[in-house]
Amino acid sequence: DEIFYADAWNSEDGENWTKVADNLPLGPRGLIGGQVVFKDKIWILGGGTYDTPKEPTRIHYNDVWSSGDGIHWEQNLASAPWAPRLYHDVAVFDDRMWVLEGNDRTVGNMNDVWYSEDGTNWVEVPNTPWPERHAASVFVFDNALWMVAGNNMTSDVWKLTRKN
């Protein structure tokens, strides 16, 4: 069915789930692509909805939301300095939240990287060397943030090390 939800569920065992909130203020999203746990809060960074026969236009967001319990949400930013995006990746690394690459409706795939220590103030990492992409594999391992491949079908691996 072509329904986008704005609800929250929780589980103590990963098998039995309970709906704990409906009609969240962040609105319905079908392509979140950017959620992390950072500083004891759940964060949703950008994302949006996909196109369907009933809703032919994709919605792209660059907003930032956080919640300490998954029920009560605070909008930290209505519009972050990074472009609205879908299929992006986020991670927590080096005491910061990171937003990497993604797809924007006007420019297509991107290769930008942003970080924040508080969810409100964002800094762009200049001159990222990798090709544009979305839907990469991003993970933290061995004191580094890694990005592998993505939808551009390039078999590449990139490593960002910790700050000094």
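The values are calculated or read from the model by the stated rules, or taken from the named source; none is laboratory data. It should be emphasised that the depicted structure is a prediction, and the values quoted were computed from it without experimental measurement. All Cβ positions, even for glycine, are placed from backbone atoms using ideal geometry, and neighbour counts span all protein chains on display. SASA here: full protein model, heavy atoms, side chains in, ligands and nucleic acids out. Shrake-Rupley method; radii C 1.70, N 1.55, O 1.52, S 1.80 Å.
Some points to look at:
- Only residues that are in contact with a Phe, Trp or Tyr (Cβ under 7 Å, 6 or more places away or on another chain) and either under 18 Å from Y87 (Cα atoms) or part of a loop (DSSP other than H, G, I, E, B) (or both) were counted across segment 1-20, and they come to 2.
- Residue under evaluation V99, criteria (1) modelled with pLDDT of 95 or more; (2) surrounded by 13 or more Cβ atoms within 10 Å (Cβ to Cβ); (3) more than 13 Å from the chain's Cα centre (by Cα), criterion not met: (3)
- Residues of segment 32-46 that are touching a Leu at 6+ places or on another chain (Cβ under 7 Å) and closer than 11 Å to V99 by Cβ: G33, G34.
- Strands (runs of 3 or more DSSP E) enclosed by segment 21-89 - at least 2 residues per element that are touching a Pro at 6+ places or on another chain (Cβ under 6 Å): 59-67
- Segment 37-55: number of residues that are surrounded by fewer than 16 Cβ atoms within 10 Å (Cβ to Cβ) and either within 14 Å of F4 (Cα to Cα) or touching a strand residue (DSSP E or B) at 6+ places or on another chain (Cβ under 6 Å) (or both): 6
- Counted residues, segment 122-164 - those being loosely packed, with under 12 Cβ neighbours inside 10 Å and touching a Gly at 6+ places or on another chain (Cβ under 8 Å): 1
- The set of residues in segment 17-31 being more than 17 Å from I71 (Cβ to Cβ) and either out of contact with any strand residue (DSSP E or B) (no Cβ under 8 Å at 6 or more places or on another chain) or hydrophobic (A, V, I, L, M, F, W, C) (or both) consists of L31 alone.
- Any pair with Cβ under 9 angstrom, 6 or more apart, that starts in segment 1-19 at a residue that is over 18 Å from I44 (Cβ atoms) and ends at one that is hydroxyl-bearing (S, T, Y) and at pLDDT below 90: E2/T52
- Among the residues of segment 86-110, those identified as out of contact with any Phe, Trp or Tyr (no Cβ under 6 Å at 6 or more places or on another chain) and free of Cβ contacts under 8 Å to residues at least 40 places away in the same chain are D95, T106, V107, G108, M110.
- From the list S67, S79, the one residue that fits, being modelled with pLDDT of 95 or more, within 30 Å of D22 (Cβ to Cβ), open to solvent by less than 10 Å² (accessible area, probe 1.4 Å) and among the hydroxyl-bearing types (S, T, Y), is S67.
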